[in-house]
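In what follows, a structure is listed as structure tokens, so that the remarks can point back to it.
The values are calculated or read from the model by the stated rules, or taken from the named source; none is laboratory data. All values reported here derive from a predicted model rather than from experimental measurement. Backbone-built Cβ (ideal geometry, glycine too); neighbour counts: all protein chains shown.
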Amino acid sequence: MFVRLAKRLGLNSPMARREALTFYILVLPWLFGFLAFLAYPMLRSLYLSFTSYDLLSPPVWTGFRNLERVFSDPDFWKSLRVTTIYAVFSVPTGTVLAMAVAMVLSQRLRGINFWRTIFFVPSVLSSIAVAILWLNIFRPEGGLINTALAAIGIKGPGWVLSEQWALPALIVMSWWTIGGQIVIYLAGLKGIPQVMYEAVEIDGGGSWARFRYVTLPMLSPTIFFNVVLAIIGALQVFDAGWVMTRGGPNKATYFYMINLYERAFQFIQMGYASALAWLLFLIIMLITLLVIRSSAVWVYYESEVR
């Protein structure tokens, strides 16, 4: 059978057929894993999103009833609002901070490799461990931040125990994991030709001119890449809100994924949870497409002819 298939594909020589056979043997484990652990669960969840399913009884087809329920559910709108606010503030601030740190770490300074490691390590730590660490930092009594504020005569807020400060606290915590962005920015900065900076200096430009007319345009593809990944990550945030606040206080940190998790694993509403998951997928896809379309305005590619 393989020989007939190989001939149809134009693989007439024994060596070509041997190479093709080797390729299919090597790719087969990945293909099996993709179909069994990714493609099938996705298609299954798409089907379940149109059903009522509680794990104890067979799924019952309900059509678009789950979708109608989503848009009339106050928890959906609350979680979407909280997640949107989190993304709107955490993505731009994290992007600017990561780029600023990367520009400092790109300098040739003594011990710079040590500092690069220090800034990168938090991004590879367990998210649960990081959440527990920041839970202690944000403690109203005896926490690191409030202790430092008390030393200069300022009474710190309740942070994650306060409805007003819980979400800002998690936004600040998101800056802890910008190490991955920093590494990507460092790679982008290394790819900028030094001759372009020298040309700006010859024309009398200073530090701002170098940043405005060289660094920012040349780094824009890297910024675009990091922004897309940051948006996707922010819209799927879960660990921090679940470990530190359980979505509280008074649902101040009730992220979309927390709502989805509760519906699936606490209320055992698998059909409704699947509908929430696919709606989030569509939201992320739409926002990503909008960012990609906007890249034609602000992303500069050196290879493109303007």
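Yes/no matrix, rows are residues, columns are (1) farther than 23 Å from residue 55 by Cβ; (2) more than 22 Å from the chain's Cα centre (by Cα); (3) surrounded by fewer than 16 Cβ atoms within 10 Å (Cβ to Cβ); (4) touching a residue at least 12 places away in the same chain (Cβ under 8 Å):
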| position | (1), (2), (3), (4) |
| --- | --- |
| 204 | yes, yes, yes, no |
| 235 | yes, no, no, yes |
| 245 | yes, no, no, yes |
| 263 | no, yes, no, yes |
| 275 | no, no, no, yes |
| 280 | no, no, no, yes |
| 297 | yes, yes, yes, no |
| 300 | yes, yes, yes, yes |
query = For the stretch 102-110, does any single residue satisfy the condition of being assigned by TED's automatic domain parsing to the domain that holds residue 282, in contact with a Phe, Trp or Tyr (Cβ under 7 Å, 6 or more places away or on another chain) and assigned to a helix (DSSP H, G or I)?
reply = yes
Criterion: touching a Leu at 6+ places or on another chain (Cβ under 9 Å), part of a helix (DSSP H, G or I), basic (Lys, Arg) and crowded, with 17+ Cβ neighbours inside 10 Å - qualifying residue of 116, 139 = 116
key: Residues satisfying the stated conditions in the stretch 44-56, i.e. surrounded by 11 or more Cβ atoms within 10 Å (Cβ to Cβ) and of a type outside the set (Gly, Ala, Ser)   = 44, 46, 47, 48, 50, 51, 53, 54
Residue check, residue 124 under 19 Å from residue 230 (Cβ atoms) and surrounded by 18 or more Cβ atoms within 10 Å (Cβ to Cβ) = no
query = Of all residues in the stretch 108-123, which are without any contact (Cβ under 8 Å) to a residue 12 or more places away in the chain and aliphatic (A, V, I, L, M)?
reply = 109, 112, 118
message = I'm trying to understand the selection: among the residues of the stretch 24-61, which are hydroxyl-bearing (Ser, Thr, Tyr), farther than 15 Å from residue 263 by Cβ and in contact with a Ser or Thr (Cβ under 9 Å, 6 or more places away or on another chain)?
response = 47
inquiry  = Within the stretch 21-43, does at least one residue satisfy the condition of being touching a residue at least 40 places away in the same chain (Cβ under 8 Å) and under 27 Å from the mean Cα position of the chain (by Cα)?
reply    = no
inquiry  = Here is a check on your reading of the model: is residue 99 in contact (Cβ under 8 Å) with a residue 12 or more places away in the chain and out of contact with any strand residue (DSSP E or B) (no Cβ under 6 Å at 6 or more places or on another chain)?
reply    = yes
request  = Scan (1) at pLDDT 95 or above; (2) closer than 30 Å to residue 224 by Cα for the single condition residue 44 breaks and write down its number.
outcome  = (2)
ask   = What number of residues in the stretch 212-233 are free of Cβ contacts under 8 Å to residues at least 24 places away in the same chain and over 19 Å from the mean Cα position of the chain (by Cα)?
value = 4
task = Go through (1) modelled with pLDDT of 90 or more; (2) within 24 Å of residue 256 (Cα to Cα); (3) within 16 Å of the chain's Cα centre (by Cα) and name the single condition residue 123 misses.
result = (1)
